Amino acid sequence: MPEAEHEAGEGPQRSRVNRCSLLPPLFDGCFFFLLGSFKAPSKGELTKLLQEGGGQLLSRQPKPDSDVTQTLSAAAYHALPGSDQALCTQYIIFDPQGPHKPAVVRRGKVWSAPSTWLIDCVTAFRLLPVSIKASV
């Protein structure tokens, strides 16, 4: 059976075109720190999702004011060109239902985002904008 009949949205088609065109994976150029514990999806599932999507995991929480953080030359390939998100390369991911919430972080190359944002990005196969309200 053709898969396209059972797919929701344009994400799966974009993913196939990306793979056939030999373009970088969805999270190429992005670094992620998973803050706290996660219920659904679990931390292990998020880790696998990020790694399979070309993202790199950080063992320490990035510091927005660090010179090292701000001078990284990596770029998020799938961010909308010209957007402020194209400059963001490090994300602090948290469970919006969990007890661990980051301080509002959206400085330079470090942003915070709920784990639901990751799932939405995968579903759409694009780096979606992170709303300021979602990162609180």
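The values are calculated or read from the model by the stated rules, or taken from the named source; none is laboratory data. Treat the numbers as computed from the prediction; the structure is a model and nothing was measured. Glycine gets a Cβ as well: all are built from the backbone with ideal geometry, and neighbour counts include every protein chain shown. When the accessible area is computed, the model is the full protein with side chains, heavy atoms only, and any ligands, DNA or RNA have been set aside. Shrake-Rupley method; radii C 1.70, N 1.55, O 1.52, S 1.80 Å.
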Going by average Cβ density within 10 Å per residue, which order do the peptides 30-41, 95-106, 113-124 take, highest to lowest? 113-124, 30-41, 95-106
When we measure straight from the Cα of residue 63, which lysines land under 25 angstrom away, once same-chain ones fewer than 8 places off are left out? 43, 48, 101, 109, 133
If 80, 50 are ordered by their accessible area, calculated over protein heavy atoms with a 1.4 Å probe, which sequence runs from highest to lowest? 80, 50
Accessible-area ranking of 131, 83, largest first, probe 1.4 Å: 131, 83
Ranking by accessible area, most exposed first, for 84, 28 with a 1.4 Å probe: 84, 28
